[in-house]
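Data block below; observations after.
The values are calculated or read from the model by the stated rules, or taken from the named source; none is laboratory data. None of the values given here were measured: they were computed from a predicted structure. Every residue, glycine among them, receives a Cβ derived from its backbone with ideal geometry; neighbour counts consider all protein chains shown.
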Amino acid sequence: MSITYLEAIREAQARALRENPNVYIYGQDISTYGGAFKATKNLAKEFPGRVLDSPISEDAMVGSAIGASLEGMRPIVEMQFADFSANGFNQIVNHAGAYFYRSGVSLPITIRLPNGGNPGAGPFHSQSLESLYAHFPGLIVMTPATVDDAYNFLLEAIALDDPVLYCEHKYLYNRVKAERLPEEVSFSAGKALCRRSGKELTLVTYAATLYDALAAASELEKEGIDIEVIDLRTVKPLDTETILQSVARTGHLLTVSEGWPWGGINAEVIARIASKGFHLLDSPPERLNCRDTPIPFHPDLWLAHRPSAASIVKKVRQMLDW
Amino acid sequence: MLNTLREPESETIHLGFKELYVRAFKWMLLARTVEDKVAALWHAGKIAGGCYLGKGQEAVSVAVGIMLRPGDIFAPLIRDQAGRLAFGEPLFDILRTYLGKKTGPMRGRDGNVHRGRPKEGIYPMVSHLGATASVITGALMARRMQGETGIVGATSIGDGGSSTGSFHEGFNMAAVERVPLVMTVTNNHYAYSTPNSRQFACHDLVDRAIGYGVEGYSMDGTDLKECLEIASHAVERARSGFGVQMIVASCVRLTGHAEHDDGFYMDKTLLDSPIGRDCLNVAQAHVVEQGWADEVTVQEWRQQAKAQVEDTLQKVQREPTPDPADEDWHSLASAHLIDPEYAE
C-alpha cells in the first residue's frame, strides 16, 4: 500500500469534512467530476451539499468564502490552477488579507492553489505564485513537499483562523508517495526542516525543487561535497532561525525556487541571512530561480527554464570554488 | 448569529405605512445632518483622507436598511449612511471612523465609509467595487448550510460599480446559488465624473435582471414612498424564498464624488429634471401634505437630529486617536504564526 501526495490532499479534506460540519469545499468541477486533478474524488457523494461546483468566477469564489467564514464556516476554495487565482487576486489580498487588521475579525479560509509546473502545461497552467501572496500582509502561505506535509498542513490550514494559501505542487501530485498517512496529525506551520544534513553548504528550497536539491546533493556526494538541504515548508511565515543555524555551520547559502527571480522567496531568504548572518557567510549567497520569461510549453524548454539537479550541482561547484 | 445593534422594538415589520415613512424620513434627516457635519469638519481640515456623502441617495438607502431585521446581513456601499442608521449602526461609528478614533469599529486602521461590525451583520466595504456581491452571497450560503431560513442579505452598487467584473461574478453567483439577496443598484448618473453614456450601453440597468435570471424593479430614487414600497416588496420576496432581487433606483448625486470634487462636469438639465429633486425635500413635503406632521414639528425633528449629532460629536472629539507606539502591528489572528522578523 502506498499513498500519493494528491491522495493525501483528498484524505485531509475528507477528514476535515467528517470532523467539522462547518467545513465545505467550493470550486470548479469539484463535485461530480471530482476536480481537474481529482483532489475531491467522491467527496461530493460522501458529503452531500458540502462539495459544491462553483461558476467560473475566481473573484466571487474567494468573496463567497469571505462571507461564509464571517458567518462561522471554514471554507476550502479550490482554484483549478494557481494561475487562475490571478482572477481572484483582489479578494485574496485586498479583502481577505486586510480583514483581520482592519476589523479585528479573522477569516478562516483555505485557498488551495495547484501550483508550479508540469511538462507541457505552458505559460498559464504552471505558475508558482507563493511569493506573490507572501508579499501581502494577513496571509499564510504553505508549500508542502511531502505526503506527510501535504496532509498535516492542509488540516492545519483548515484549522487556522487566518486565510491560508495552500500551494500544492502539481508535479508532486502522483510522483511523491509514502507508505501511509501520518498516524497522528501534527501542526508545524512556520517550521522549516532539514531534509539532509551536510557540512559544506546550506541549500534552502521548498516544494518540487526539494527533490531536485536532494538529487543534486546525492550527485555532489559522489564528488565528496556534502551539502545540507533545508525545506522551508511554509514560506510565510519564514523560519529564518533554522536557516541561520545551518549557515552558521556551513558558511555558504544557496536558495532554490521554481518561482521567478525578482523579489521572490529566494530574495527574501538571502536578504534575511545577509542582514542577520553576514558574519557567518564565507561566500556571497546565491540563488537559482526559473528564468525571467513566461513558462514555456515544450518539455525541453520547460526543463531548461526551471532549476534542475544539474543546474544546482553546477552552481554549488562554482560557489565552493569561490 | 444575532444582530445586537438594534433593540427589538425598533422592528419595522408591524408598523403602519405612516409610521414607517416617518421613521424612514427621520433616519434620512439624521443621515443628512451627520454627513453635513462631516463635510464641514472635512472642509475645516479636521478629517484625513476623503469624504464621501450620500446626499440625494438617502431615500434609496433608508428604504432597504429599514426593511432589514435583526439577524439580517447588510453590506453597505459609500452612499449608504441612511441605510446604515436604519439597520442599526450607531451614530458614533461614522464620526469615530471619519475622525480616526481608536474607539471606533476600525480603530483608526481604516477610515470614512470603510467601516462595519462584521459580527453584528454590517460588513465593512473595501474600495474595490463589486466585491461585496459575492461576500454577502457566501454569507447567505453559510446561513443556509447552518439551517437558517427567513433571513435576507442586502448590498448596494452604483452605475459605475455595476461595470466591474467582480460585481458580475458575485451577482451571477448569487443568482446561481439562489440566495435571499437584495441588490440595490443606485444609478446616480455619474461614477466619479463618468456619465452613464461611458459606463454602459444597455437601455436601462434593470434590463440586466433578465440576463441574470433574477427579479428586477425600477424605482424613482427621489420618492421615499416608492422606494419604501419597492424595497418592502423585494425584501419580502427574498425572505420568502423567491431568490435574488434587483432594485434599480434612479436619482442624481447631489454632491461631487467626494468633498474635494465640486461636480462641475454634471449636466445641469439632469439636476433640473424630476430625478434631480432632493429626496429629503420630497419626503418632507409628503409628510406635511399627508398631515403626518406640520412644518413646526418637522423643524423640531431637524433640531433634534442636529442636537444628537452635536452631542455625539462632542463626546467623540474627546476620545483618543490611536498611538503608533501602542499599535499592534500584526495582521494575523494566529499569534503563534507571526514571523519573528516582524514581531517588534
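Details
- Among residues of region A:281-295 that are within 18 Å of residue A:260 (Cβ to Cβ), those with a Cβ under 6 angstrom from a residue that is crowded, with 17+ Cβ neighbours inside 10 Å and acidic (Asp, Glu), sequence gap 6+ or separate chain, pair up as A:290/A:258.
- Helices (runs of 4 or more DSSP H) within region B:77-150 that include 3 or more residues of a type outside the set (D, E, K, R) and over 26 Å from residue A:92 (Cα atoms): B:81-87, B:91-98
- For region B:323-342, the set of residues classified as within 21 Å of residue A:188 (Cβ to Cβ), more than 8 Å from chain A (Cβ to nearest Cβ) and within 35 Å of the chain's Cα centre (by Cα) consists of B:335 only.
- Note on region B:121-170: residues that are acidic (Asp, Glu), at the interface with chain A (Cβ under 10 Å from one of its Cβ atoms) and surrounded by fewer than 24 Cβ atoms within 10 Å (Cβ to Cβ) amount to 1.
- In the condition set (1) touching an Asp or Glu at 6+ places or on another chain (Cβ under 8 Å); (2) facing chain B (nearest Cβ under 10 Å), residue A:80 is compliant with all but (2).
- Filtered residues of region B:311-344 (kept if farther than 23 Å from residue A:106 by Cβ and surrounded by 12 or more Cβ atoms within 10 Å (Cβ to Cβ)): B:312, B:313, B:315, B:316, B:317, B:319, B:321
- From the options B:141, B:125, residue that is touching a residue at least 12 places away in the same chain (Cβ under 8 Å), touching a helix residue (DSSP H, G or I) at 6+ places or on another chain (Cβ under 7 Å) and more than 30 Å from residue B:224 (Cβ to Cβ): B:141
- Region A:1-60: number of residues that are buried (at least 20 other Cβ atoms within 10 Å of the Cβ), of a type in the set (Val, Ile, Thr) and over 24 Å from residue B:173 (Cβ atoms): 1
- Among the residues of region A:83-93, those identified as facing another protein chain (nearest Cβ under 10 Å) and crowded, with 24+ Cβ neighbours inside 10 Å are A:88, A:91.
- In region B:171-184, the residues that are within 9 Å of another protein chain (Cβ to nearest Cβ), surrounded by fewer than 23 Cβ atoms within 10 Å (Cβ to Cβ) and in contact (Cβ under 8 Å) with a residue 40 or more places away in the chain: B:172, B:177
- Pairs where the first residue, in region A:212-229, is more than 15 Å from residue A:319 (Cα to Cα) and among the hydroxyl-bearing types (Ser, Thr, Tyr) and the second is in a strand (DSSP E or B) and modelled with pLDDT of 95 or more, C-beta under 9 Å, 6+ apart: A:218/A:196
- Residue among A:59, A:29, A:83 that is acidic (Asp, Glu) and outside any helix (DSSP H, G or I): A:29
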